[in-house]
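First the structure, in the form of structure tokens, and then the observations on it.
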Amino acid sequence: MVAYSFQRRFAPDVQSLIKTHTIRADRKRHARVGEPIQLYCGMRTKGCFKIIPDPVCTFAEPIQIVLDRDSILMIRLGPLQAYEVQPDHFDQFARLDGFNDASHMAEFWDEEKTNPIADIYAREFNGWIIGWGRHPSEVL
């Protein structure tokens, strides 16, 4: 079983099932479809708690996010990044991920989660989207 830790600000959206996926960097092993997932807030801290009872992983696939300093330029997910989120759905995708809108999501990723690439104005994140609810392509 795989465990994921969330910042405290995301816990209410996970509890209310607004946020039913997580976007993570590549690692040795992510959750697999059909397997229970443990969702915690503040793992490895004194205030650690389980956010919800263990849901079952419904999808786990690659994701690519390209952004500049204050906006998202592209979101692709799925094997070979086959599903591309349309720009008019970026705000809705960001809300599903626990943000107010796409600009807030871009700020978060720009500050915390990306590595600069050759172009100083654009950054790219390649990782995994792991879900315990409906796939974003079914909701957007």
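The values are calculated or read from the model by the stated rules, or taken from the named source; none is laboratory data. Every value quoted in this text rests on a predicted model; they were computed, and no experiment measured them. Neighbour counts are summed over all protein chains in view; Cβ atoms, including those assigned to glycine, are modelled from backbone coordinates with ideal geometry. For accessibility, only protein heavy atoms count, side chains too; no ligands or nucleic acids. Shrake-Rupley method; radii C 1.70, N 1.55, O 1.52, S 1.80 Å.
The table below gives the values:
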{"read-out": "Residue, least open to solvent (accessible area, probe 1.4 Å), within segment 2-33, restricted to residues that are within 19 Å of PRO62 (Cβ to Cβ) and of a type in the set (Gly, Ala, Ser)", "value": "ALA31"}
{"read-out": "Number of the condition not met by CYS57 [criteria: (1) under 18 Å from GLY78 (Cβ atoms); (2) open to solvent by 20 Å² or more (accessible area, probe 1.4 Å); (3) not β-branched (Val, Ile, Thr)]", "value": "(2)"}
{"read-out": "Residues (open to solvent by 30 Å² or more (accessible area, probe 1.4 Å) and within 15 Å of the chain's Cα centre (by Cα)) located in segment 62-73", "value": "PRO62"}
{"read-out": "Residue within segment 34-49 that is modelled with pLDDT under 95, open to solvent by 40 Å² or more (accessible area, probe 1.4 Å) and either hydroxyl-bearing (Ser, Thr, Tyr) or in contact with a His (Cβ under 7 Å, 6 or more places away or on another chain) (or both) present", "value": "yes"}
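Rundown of residues vs (1) under 21 Å from PHE125 (Cβ atoms); (2) not β-branched (Val, Ile, Thr), yes/no style:
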{"residue": "LYS19", "(1), (2)": "yes, yes"}
{"residue": "ASP26", "(1), (2)": "yes, yes"}
{"residue": "GLY47", "(1), (2)": "no, yes"}
{"residue": "ILE51", "(1), (2)": "no, no"}
{"residue": "ASP54", "(1), (2)": "no, yes"}
